[in-house]
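Where a number appears in this text, it was derived from the coordinates with a stated rule and is not lab data. A quick note: this is a predicted structure, and the numbers were derived from the prediction, not measured. FYI the Cβ positions are ideal-geometry reconstructions off the backbone, even for glycines, and counts take in every protein chain you see.
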Amino acid sequence: MLARARAEIAASCEEDLPSVMDHFAGGGSVPLEAQRPGLESHASDLNPVAVLINKALIAIPPIFAGLAPVHSDPWRPAELGSWLGVQGLVADSRHYGEWMREQAEARIGIDEAATTEQLEHIAELIPQEWIAPAATGSPAQCVEKIRGQFDLGCDGVIMHGTSPDQLSPIVDEYARTRPANIFDGLAASPGA
Ligand SMILES: C[S@@+](CC[C@H](N)C(=O)[O-])C[C@H]1O[C@@H](n2cnc3c(N)ncnc32)[C@H](O)[C@@H]1O
């Protein structure tokens with residue numbers, strides 16, 4: 001399928017395969033899909049997290065193409081021969097990812113199903129400045145945090161809650177107390 005796509009692209013570009021540049025690459029889907037049929041891909045983004053994702057997705061894997069993993073893989077029979085594509089990198093990622101998970105579990109003491117006590121323990125480890133902007137506490141306290149976002153110049157705030165029951169008292173409190181007319185002149189959905 002990828003070979004056919006590559007041939008179609010080549011045919012429509014007089015055999016000269018184009019390179020692809022996504023200046024707003026986000027999660028990297030455009031440069032990744034361009035790379036799959038063999039086009040040269042470039043990506044950039046304003047957001048450093050997006051840049052990191054694109055490096056991990058697009059820039060780093062080709063460096064390890066065809067290479068064996070650096071750890072020894074007991075599950076791979078020797079007769080399979082050379083490592084194709086990024087199989088070696090995938091094997092290393094699995095191996096060291098598992099090691100990191102074990103280390104996190106040993107040092108912090110949780111896996112993905114933590115108890116309330118364990119989560120309370122983790123809460124003490126998280127730097128306060130990370131959680132300072134979170135809307136917590138009573139509905140009135142949450143609304144104060146939300147209003148603070150508008151004071152900083154936001155046009156809209158997306159609210160996340162674990163359940164509608166948790167969120168609706170906050171929405172009610174916000175509707176009850178929000179200043180009139182602050183959205184005059186804005187679209188109903190500014191992010192759309
Ligand atoms: C909708 S996402 C991109 C989605 C991606 N192109 C795709 O197809 O999956 C928009 C991206 O543009 C980035 N962005 C917004 N303004 C930008 C700017 N002025 N310069 C560079 N990147 C910007 C954002 O950080 C965000 O990652």
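Here are some notes:
- Share of Cα-Cα pairs in segment 128-177 lying beyond 13 Å, as whole percent: 58 percent
- Cβ-defined net charge surrounding Gly27, 13 Å radius [Lys, Arg +1; Asp, Glu -1]: -2
- The chymotrypsin sites (Phe, Trp or Tyr not before Pro) of segment 1-105 that meet both conditions, a loop assignment by DSSP and at most 14 other Cβ atoms within 10 Å of the site Cβ, are Phe24, Trp75.
- Within the chain, the longest run free of GluC sites (Glu not before Pro) that sit in a DSSP loop with at most 15 other Cβ atoms within 10 Å is 113-192.
- Legend: calculated FRET efficiency, Arg94 to Met1, from the Cβ-Cβ distance at R0 = 30 Å, rounded to 0.05, equals 0.70.
- Were the residues from Phe24 through Arg147 laid out at 0.36 nm apart, the gain over their Cα-Cα distance would be 41.3 nm.
- Scoring 85-91, 42-48 by mean Cβ neighbours within 10 Å over their residues and listing the highest first yields 85-91, 42-48.
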